[in-house]
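The block underneath contains the structure these notes are about, expressed in structure tokens.
Values quoted throughout were computed directly from the atomic coordinates according to the rules given, and no laboratory measurement underlies them. Just so it is clear, the structure is predicted and the values come from calculations on it, not from any experiment. For neighbour counting, all protein chains shown are included, and Cβ atoms are generated from backbone atoms with ideal geometry for every residue, glycine included.
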Amino acid sequence: MIQKFYNLEINTNGQRLYEFTDDTIQWIKESKFKQGILNLSIQHTSASLIVQENADPDVQTDLINYFDKLVPMDNKLYVHTTEGKDDMPAHIKNALTDTSLLIPVKNGRLDIGTWQGIFLLEHRINSIQRKINLTLIGE
Amino acid sequence: MIQKFYNLEINTNGQRLYEFTDDTIQWIKESKFKQGILNLSIQHTSASLIVQENADPDVQTDLINYFDKLVPMDNKLYVHTTEGKDDMPAHIKNALTDTSLLIPVKNGRLDIGTWQGIFLLEHRINSIQRKINLTLIGE
Amino acid sequence: MIQKFYNLEINTNGQRLYEFTDDTIQWIKESKFKQGILNLSIQHTSASLIVQENADPDVQTDLINYFDKLVPMDNKLYVHTTEGKDDMPAHIKNALTDTSLLIPVKNGRLDIGTWQGIFLLEHRINSIQRKINLTLIGE
């Protein structure tokens, strides 16, 4: 068995989903990896990683709206307000979702189902550079 | 080190938890796997995987009720309504829970604690066939 | 490739975050592990594992308060009440967060970003002994 590593950087500009399924597929292809698991981990706790439907973009709109209502950007609700009204809600949204994902790889391809994509879910308002670690373990 | 793969299909018929701890234990036993980690990943984003108490079935009832209140099936709340009133809530519930799990395996046995089981958590109303990838990595 | 195992026990005394980043770093150092992934899994479903900011302790206060509001300790809301008013909310909070984490290891060091730590998030009120499995997979 072997492992392979890849570092991905995504520049975000506001609260939405950023798909990087194609970058991931391209790297797996180039690495000539056949089967095993892919781990994706984000080095931040104010943004998340998520596997989600990529067929209808309305799903992404609804997701963002839902999380904004569930975790309001209202300084009166939090003690930690020094980093902006979106920072504490961002940490909570991160706790409610995921910082790492695991996806099986079969025959050199991601096995996530037909309508699914891999996304970074940005919880902060301003532009930020996000770092993601990809690790393949298998053969 | 080695890896082993197994595909499990579960036919669901409504919003509840479907335990498959025994199928998992049986497969690990047959594979003669000794120690490492077990990854379970579901190929859908409108159902989840969850480790949860399997002693008192009331825990499952409360879980389902809680998530139904937290993410109401009300078309007025969402833009994505074309796949039914339960589809967008299903995607949100999926984002709030997990699409993949990792469980340690020791001495050929799942190391999840005495009262815990592995479940598929179905968020859709209608009958659906769900696909789960199981991967053992270790020795 | 190799794998290494470690069992960690944490005695909790109430609903808060318990950091164990240093114990984890110390073990990785002693194991002379170079690169791969670290899996952390908790053997309970009434406490969670979480990667979160460890710079400002207010973040932890806000997290605890938020989850207590989101999942109230009110027996009238649940069927499963025999194990105390905090037990069913604990299981729900667990479902909303994570029972296992995956963190990359590079050059013998956790690659989780500058301001992040690894925590046990206790959802129960009384003192409990919690068991966590750590598994390194790599080289």
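Which single residue of chain B puts its beta carbon nearest to the axis of rotation relating B to C, and what distance, in whole Å, does that give?
B:Met1, 3
Rounded to whole Hz and in sequence order, give me ³J(HN,Hα) for the range C:126-138 from the Karplus expression 6.51 cos²θ - 1.76 cosθ + 1.60, θ = phi - 60°, writing x for Gly and Pro.
In residue order, the calculated couplings are 7, 5, 9, 8, 9, 10, 10, 9, 10, 10, 9, 10, x Hz.
Within the set of other residues whose C-beta is less than 10 Å from the C-beta of B:Ile118, count the net charge using Lys and Arg as +1 and Asp and Glu as -1.
-3
Per q in 0.13, 0.18 Å⁻¹, report the Debye log10 I(q)/I(0) for chain A, using one uniform scatterer on each alpha carbon and no solvent.
Ignoring solvent entirely, the Cα scatterers give -0.58, -0.99.
Regarding the range C:28-93, what whole-number volume in Å³ per residue does the convex hull of its Cα atoms give?
133 Å³
Starting from 0.36 nm per residue, how many nanometres of slack lie between C:Lys32 and C:Asn107 once their C-alpha separation is accounted for?
Net length gain for the segment: 26.0 nm.
As a footprinting exposure proxy, order C:Thr82, A:Thr12 by other Cβ within 10 Å, with the fewest listed first.
C:Thr82, A:Thr12
Obtain the nm distance between the two label points defined at C:Glu83 and A:Gln129 by a simple spin-label model: each point lies 7 Å from its Cα along the Cα-to-C-beta direction.
So the label points at C:Glu83 and A:Gln129 sit 4.6 nm apart.
At a 10 Å Cβ-Cβ cut-off, how would you order C:Tyr66, C:Tyr18, fewest neighbours first? Mind showing how you got there, number by number?
Numbers: C:Tyr66 20, C:Tyr18 17.
By the 10 Å Cβ count, ascending: C:Tyr18, C:Tyr66.
Using θ = phi - 60° and the Karplus relation 6.51 cos²θ - 1.76 cosθ + 1.60, list the HN-Hα couplings for the range A:38-55 in order, rounded to whole Hz, with x at every Gly or Pro.
Whole-Hz 3J(HN,Hα) from phi for the range A:38-55: 10, 9, 10, 10, 9, 8, 9, 10, 10, 8, 10, 10, 8, 8, 8, 4, 10, 7.
Shortest first, in nm, what separates the label point of C:Phe5 from those of the same position in the other copies (7 Å along Cα→Cβ)?
2.6, 2.6
B:Lys32 label points, 7 Å along Cα→Cβ, one per copy: pairwise distances from this copy to the rest in nm, shortest first?
Taking the point 7 Å beyond Cα along Cα→Cβ, the inter-copy spacings are 3.1, 3.2 nm.
Please give the FRET efficiency for C:Thr21 paired with B:Leu8, using the beta carbon to beta carbon distance and R0 = 35 Å, rounded to the nearest 0.05.
Values: r = 35 Å, r/R0 = 1.01.
Using R0 = 35 Å, I get an efficiency of 0.50.
So what's the gap between the Cα centers of the range C:104-139 and the range B:16-43, to the nearest angstrom?
23 Å
Once Lys and Arg get +1 and Asp and Glu get -1 on their Cβ, which of C:Leu96, A:Leu40, C:Val71 lies farthest toward the positive end of the dipole of the protein assembly as shown?
Going by the charge dipole, the pick is A:Leu40.
Any lysines with Cα under 28 Å of the C:Lys32 Cα? List them, leaving off those in the same chain fewer than 8 positions away.
Cα-Cα hits under 28 Å: A:Lys4, A:Lys131, B:Lys4, B:Lys34, B:Lys106, C:Lys4, C:Lys106, C:Lys131.
For the range B:7-85, with only Lys/Arg (+1) and Asp/Glu (-1) charged at the beta-carbon, what is the dipole magnitude about the Cα centre, in debye rounded to 20?
Dipole of the range B:7-85, to the nearest 20 debye: 280 debye.
In vacuum, with every alpha carbon of the protein assembly as shown counted as one equal point scatterer, what does the Debye formula give for log10 I(q)/I(0) at q = 0.12 Å⁻¹? Two decimals, please.
-0.95
Determine, at each q value in 0.22, 0.26, 0.30 (inverse angstroms), the log₁₀ of I(q)/I(0) that the Debye formula gives when each Cα of the range B:73-131 is one equal point scatterer.
Scattering profile of the range B:73-131, log10 relative to I(0): -0.94, -1.14, -1.29.
When C:Met88, C:Met73 are ordered from fewest to most other Cβ atoms inside 10 Å of their Cβ, what list results?
So the ranking, lowest neighbour count to highest, is C:Met73, C:Met88.
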